[in-house]
Structures are given as structure tokens and as C-alpha cells.
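To keep things clear, I will list the structure first and then write my remarks on it.
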């Protein structure tokens, strides 16, 4: 049994605690919700449990397909044990369909399928509001080595392929998603979470948004959307395993 020790860090969606093992942290997922760089705040009842369970499930799927992650085990309704990471301050976003900022920047109608997946980097900095960067910025700021960048890109595209297969079984479209990586004993591992907070999920038939955009855009039925996505993905993973 992993023992929760002293509080280490609190972010917008999670609290992190030390454990009795210096190589392991305990992550507690919160129901707190924020959008627009923290300007909009609220609560999505049950979000913490949905995000913990979905992250645990999808990390295990990715591990089985060769993607190394920080996930160790789900230990409570909203708590997972993870390997301690030194986070690389570069967020990796993969986009399959034009939505959100990409649609605005490129003047595309939201929902336009992209001819091929688009990968973007963002500098993980609250003070700078997570600006978009490229590989030259990453090298100049020494945020990651070229080999680490290539590995993160490779993992990100593979994650896109694996998750898209799962979501097809769930009658969902993987519109886009954000990944974070970190170093554990020198190795790059996928960290953070995979959930409706970090991904855009649309119903394949109706194009209904079933993710955090329901909170961002005041679309209502946010809790119901999170629960539905968890149920669909859980059933889809079950079909894959059978």
C-alpha cells in the first residue's frame, strides 16, 4: 500500500504528494475546472474521478502498445500513483480536426478534417501564458535535447494512432489532445493525464462536444459528457482486449 506523505504541489486540476518511495508520487485529481488561462473558474462534479479512471485506463492501453508512461496504479476513486518525473517544459499538441485556436489562427471552419495530423509545441509557462514555440526555440532555450524532441514527437504520433483506434470503437472522434513528458532516471516518459480536460472528444455521428469545451463555452451538461466519455472508452477498451 502506497502511503500518502507530505503535500508537494497543487496545479489547476491536480494535487501531488510524496510517498514513502522517493521514486513515486501520488496524484489526486480535483473537481476544479479552469479555462482561458484561469480567467474562468468553476467545478465539474465528479471530474476528478472521471479523469483519474480514464487516465489510468488509457495509460495502461498505451503501455501495452509500447509507449512508456509514468503510470503505476490506480489507488482510489481519484488517486493514481506515478513515477516521479522532472517535467520537460514543452507541451506537445496533436490535432486531427480544426478546432479551438487552430481554427482561429488558420481561418478554418471548426470541424474541418486535416489532411494529416498537425503537431505543435507550447512553452509550459504560466507567466508567459504557454506561447507556441518551435524546435529552434526549444534548442535556444535548452528546454530539451534534439534527441528528446524527436522521441516526444515519435511518441505523440504513436499515441494519436493508438487513441484514435480506441475512440473509433467508442464512436468518438479524437479532435486534438495535449501531452506532457518528463524524465525519470534519464528516460523520457509520458506524464500528466489523458482525459476530457486535455483532449477534444466529439461524437462521431452528431459531432456533439463531449469534453472541457462544454465548460469553456457554457454548453451545459458538462458532468454528463465526462461520464459518457468514460463509459464509452471503458467499453471500447474492453472490446479491444477481448
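The values are calculated or read from the model by the stated rules, or taken from the named source; none is laboratory data. Just so you know, these numbers come straight off a predicted model, no measurement behind them. Here the Cβ positions follow ideal geometry from the backbone for every residue, glycine too, while neighbour counts run over all protein chains shown.
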For residue 66: the one exception among (1) surrounded by fewer than 21 Cβ atoms within 10 Å (Cβ to Cβ); (2) in the same structural domain as residue 197 (by TED's automatic domain parsing): (2)
Strands (runs of 3 or more DSSP E) lying entirely in the range 34-109 (those with 3 or more residues that are under 20 Å from residue 10 (Cα atoms) and without any contact (Cβ under 8 Å) to a residue 60 or more places away in the chain): 71-76
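Every residue, every condition in (1) at pLDDT below 95; (2) under 15 Å from residue 177 (Cβ atoms); (3) within 13 Å of the chain's Cα centre (by Cα), yes or no:
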| site | (1), (2), (3) |
| --- | --- |
| 43 | yes, no, no |
| 49 | no, no, no |
| 60 | no, no, no |
| 70 | no, no, yes |
| 73 | no, no, no |
| 78 | no, no, no |
| 87 | no, no, no |
| 93 | no, yes, yes |
| 98 | no, yes, no |
Extreme residue, surrounded by the most Cβ atoms within 10 Å (Cβ to Cβ), among residues of the range 110-123 that are without any contact (Cβ under 8 Å) to a residue 40 or more places away in the chain and touching a helix residue (DSSP H, G or I) at 6+ places or on another chain (Cβ under 9 Å): 121
Some residue of the range 174-186 being in a loop (DSSP other than H, G, I, E, B), at pLDDT 95 or above and exposed (fewer than 15 other Cβ atoms within 10 Å of the Cβ): yes
Candidates 189, 169 - the one that is touching a residue at least 40 places away in the same chain (Cβ under 8 Å), more than 21 Å from residue 29 (Cα to Cα) and surrounded by fewer than 23 Cβ atoms within 10 Å (Cβ to Cβ): 169
Counted residues, the range 214-225 - those being closer than 20 Å to residue 97 by Cβ and buried (at least 20 other Cβ atoms within 10 Å of the Cβ): 3
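For every residue, the table says whether it meets (1) over 17 Å from residue 55 (Cβ atoms); (2) within 15 Å of the chain's Cα centre (by Cα); (3) without any contact (Cβ under 8 Å) to a residue 12 or more places away in the chain; (4) not assigned by TED's automatic domain parsing to the domain that holds residue 11.
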{"residue": "174", "(1), (2), (3), (4)": "no, yes, no, yes"}
{"residue": "195", "(1), (2), (3), (4)": "no, yes, no, yes"}
{"residue": "202", "(1), (2), (3), (4)": "yes, no, no, yes"}
{"residue": "223", "(1), (2), (3), (4)": "yes, no, no, yes"}
{"residue": "232", "(1), (2), (3), (4)": "no, no, no, yes"}
